[in-house]
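Let me begin by presenting the structure, written as structure tokens, before commenting on it.
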Amino acid sequence: MKKKYFLIAVWAFLAACGDGINMPSINAETDLDKIPLPDTGELLIPLKDESEPMIHCGGLHTEEDFERIRENLNSEPWKSGYELLETNGYAQLTYNPAPVETIIRNDGGGSNFMNAARGAAAAYQLGIRWKISGDTRYADRAVYVLNSWAYKCTGITGDTNSYLASGIYGYEFALAGELLRDYEGWNEDDFKNYQDWMVKVFIPANKDFLERHNGTPAGHYWANWGLCNVASIIAVGILADRRDIYNYGIRHLQAGETNGNINKAIYHVFDGEDANLAQWQESNRDAGHTYMCQGLLGAICQMTWNQGDDFFGYKDNMLLKACEYTAKYHIANMDVPNIPYTREYLSNWGIAYEEYPTIADRSAMERPIWALVYNHYAKLKGVASDKYKYTKMGMDYCFPEGGGGQYGETSGGYDYLGCGTLMYSR
């Protein structure tokens, strides 16, 4: 139960609801030849020099990952993961994209953003089928989907929810493109157009949200908003070979003012007998958005890991501790410690505060967010089993993990590219 209290610094109504209602018009031709970084101060994970090239294929998956999957495809758990992918309607050669000129995401009517959600999911799943099977028909279809979007779509608009579109579909489209970048059948000019599309359409919106957060206090938007826009900036930086864009995302992840900062998204790290647990900023809001934060930060850590930056290990495996917190409470149905959360936000009458004094109701939802985390810590890094026991329960509960289209047709079912059982098992 949340409790609102104490309005201060009352602002005029019209000023308060100006940019807080509609996404501002963002010029897709913004000069992005160089993304300047503010003074960073000291970062735990330093920024690499801009002369250092990005690593390819280096989004969520590497060629080494695909070699491992091909070798184990007839064994469990890869077999179950691949069989689930084969049944997904978006992983079929018959999939037809429905690109739009402007992606619209509103609370009200007129939204078309699910076209983008489905398009990104299809391109990613088709790309995986090509990489594993070697059947170029899947690559051709995936490239057709991506080119259709890049040559048709010119912008993003709507109300404040447009920043969710810029973040979620930005990172998903970029990762799908990175997956296909080494396909010889993708015309060089078309691939360059795709890179330019991602930079011109998504990066200005991502950057605007992280710097201006729609004219609201830095804590107004919950962590999933900041995390998805950070994910998009990092993914597009990789796809476009733009170390400056990638570094911008890495800086915000560690020192940014929004709740997309990992130190704010993971609100509190416990000590003593609860030292293996960490509370999400959204833990006291609701279960669904807590899962969303975990999925987004997991994808960010995987992308950056493949670029040589270890955010999995950041502050003594802080991500794993937050995953243990979610799984212990929501999956294992056990009590966890909790710190009240107070949110500062912009209301129609000015700056206000609301308190979320207790953790949200339990909800064991199936979301493809566990296999990535479990396999990294348990199999790749070999941490002690008592450090990931609840995360493993989450993975077992959601086995096998599917992709977009297999978790319902609402937007939440497409917030993750998924396919974790197949792609991350070791």
By a straight-distance test (C-alpha under 14 Å), which aspartates and glutamates pair with Lys192 as possible cross-link partners, with residues fewer than eight away in the same chain excluded? Glu178, Asp182, Glu184, Asp241
Between Ala275 and Asp135, 0.36 nm times their residue separation minus their Cα-Cα distance comes to what? 45.6 nm
Distance in Å, no decimals, from the C-alpha centre of the stretch 179-211 to the one of the stretch 378-403 is 33 Å
Evaluate the charge dipole of the stretch 320-426 about its Cα centre and quote only its size in Debye, nearest 20, assuming +1 on the Cβ of each Lys and Arg and -1 on the Cβ of each Asp and Glu. 600 debye
Can you give the % of DSSP beta bridges in the chain that are antiparallel, to the nearest 5? 80 percent
Karplus ³J(HN,Hα) for the stretch 58-72 (6.51 cos²θ - 1.76 cosθ + 1.60, θ = phi - 60°; Hz, whole; x = Gly/Pro) runs x, x, 7, 9, 10, 4, 4, 4, 5, 4, 5, 5, 4, 5, 10
Cα→Cβ-extended label distance, 7 Å offset, between Thr358 and Asn333, nm: 1.9 nm
Within the stretch 213-255, the residues whose backbone N lies under 13 Å from a label point placed 7 Å from the Cα of Glu50 along the Cα-to-Cβ direction are 242-248
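List the pairs from Lys79/Lys379; Lys315/Lys387; Lys315/Lys392; Lys79/Lys315 whose alpha-carbon separation is above 23 Å, in the order I gave them.
Lys79/Lys315
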Leu43 to Met365: extension gain in nm, 0.36 nm per residue of separation minus the Cα-Cα distance? 112.4 nm
Per residue accessible area in Å² of the stretch 273-426, where ligands, DNA and RNA are left out and the probe is 1.4 Å: 33 Å²
Run the dipole for the stretch 245-384 about the Cα centre, Lys and Arg Cβ at +1, Asp and Glu Cβ at -1, nothing else charged, and hand back the magnitude in debye, nearest 20. 400 debye
Karplus ³J(HN,Hα) for the stretch 310-326 (6.51 cos²θ - 1.76 cosθ + 1.60, θ = phi - 60°; Hz, whole; x = Gly/Pro) runs 9, 7, 4, x, 3, 6, 6, 6, 4, 4, 4, 4, 5, 5, 4, 4, 4
When ligands, DNA and RNA are left out and all protein chains stay put, how many square angstrom of accessible area per residue does the stretch 159-199 have with a 1.4 Å probe? 28 Å²
So how strong a dipole does the chain carry about its Cα centre when Lys and Arg Cβ are +1 and Asp and Glu Cβ are -1, to the nearest 20 debye? 740 debye
Any idea what % of Cα-Cα pairs in the stretch 160-292 are farther than 24 Å? 34 percent
So for the pair Ser148, Asp190, with labels modelled 7 Å out along Cα→Cβ, what separation do we get in nm? 1.2 nm
Let me know the whole percent of all Cα-Cα pairs from the chain that are separated by more than 27 Å. 49 percent
Whole-percent carbon and sulfur contribution to the accessible surface of the chain (1.4 Å, no ligands, DNA or RNA) stands at 49 percent
Value of relative contact order over the stretch 75-141, rounded to a whole percent, pairs C-alpha under 8 Å and six or more apart: 29 percent
Percent relative contact order for the stretch 364-426, counting Cα pairs under 8 Å at least six residues apart, stands at 45 percent
Could you tell me which of Gly108, Gly215, Ile203 has its Cα farthest along the dipole of the chain towards the positive end, charges placed at Cβ (Lys, Arg +1; Asp, Glu -1), taken about the Cα centre? Gly108
Amide H within-cut-off set for Phe311, under 5 Å, with H built and near neighbours excluded: Trp305
Can you list residues whose amide H is under 5 Å from Gly155's amide H, if they're 5+ apart or on another chain and H is modeled 1.01 Å from N? Ile103
Once phi is turned into θ = phi - 60°, what whole-Hz ³J(HN,Hα) does the Karplus curve with 6.51, -1.76 and 1.60 give for every residue of the stretch 198-212, x standing for Gly and Pro? 4, 5, 6, 8, 8, 4, x, 5, 4, 5, 4, 5, 5, 8, 10
Using a Förster distance of 25 Å, the FRET efficiency for Glu101-Glu211 (Cβ separation, nearest 0.05): 0.45
Note on the chain: contact order normalised by length, alpha-carbon pairs under 8 Å, 6 or more apart, percent, works out to 22 percent
Taking amide H positions as placed in the peptide plane 1.01 Å from N, state which residues far from Tyr267 in sequence (5 or more) or on other chains have amide H under 5 Å from it. Gln279, Trp280, Gln281
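The values are calculated or read from the model by the stated rules, or taken from the named source; none is laboratory data. It should be emphasised that the depicted structure is a prediction, and the values quoted were computed from it without experimental measurement. Cβ sites come from the backbone with ideal geometry, for glycine too, and all protein chains shown count toward neighbours. Surface accessibility is based on the protein's heavy atoms, side chains included, excluding ligands, DNA and RNA. Shrake-Rupley method; radii C 1.70, N 1.55, O 1.52, S 1.80 Å.
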